[in-house]
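Report on one structure; see the data block that follows.
The values are calculated or read from the model by the stated rules, or taken from the named source; none is laboratory data. It should be emphasised that the depicted structure is a prediction, and the values quoted were computed from it without experimental measurement. Please note that ligands, DNA and RNA were not included when accessible areas were found on the heavy atoms of the full protein model with its side chains. Shrake-Rupley method; radii C 1.70, N 1.55, O 1.52, S 1.80 Å.
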Amino acid sequence: MLNLPTTEERLGKSPQRLVRYFVLLMASIYMGLGVWLWWSANSPSVGGLVQLGPITRRILGSVFILYGLVRFGRGYQAHFRKKTISDDND
């Protein structure tokens, strides 16, 4: 087997540090896309790959906003919440 250094050894820090911010960024992008779909529901969609009506845009926008909120909450709990003593025992 090859004895290659791990990513942490090469970079000198944990890649988890970047992952936790990426998780929050993606959650924000989902929420932003949902807000944009909701906001642009009344404007006509011209030349798009998929033509969506206003009701469909609002429903899809609501789903994206809800999904972004869930991802943000889970990401925050997983990466930024302070560990308690009961969490360490699990």
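For Phe72, the accessible surface of its heavy atoms amounts to roughly 80 Å² (probe 1.4 Å, protein chains only, rounded to the nearest 10). Protein heavy-atom surface of segment 36-81, 1.4 angstrom probe: 68% of the accessible area is carbon and sulfur, with nucleic acids and ligands not counted.
Think of a 1.4 Å ball rolled over the protein heavy atoms: segment 48-87 then has 80 Å² of accessible area per residue. Of Tyr30, Tyr21, the order by accessible heavy-atom surface (1.4 Å probe, DNA, RNA and ligands excluded), from most exposed downward, is Tyr21, Tyr30.
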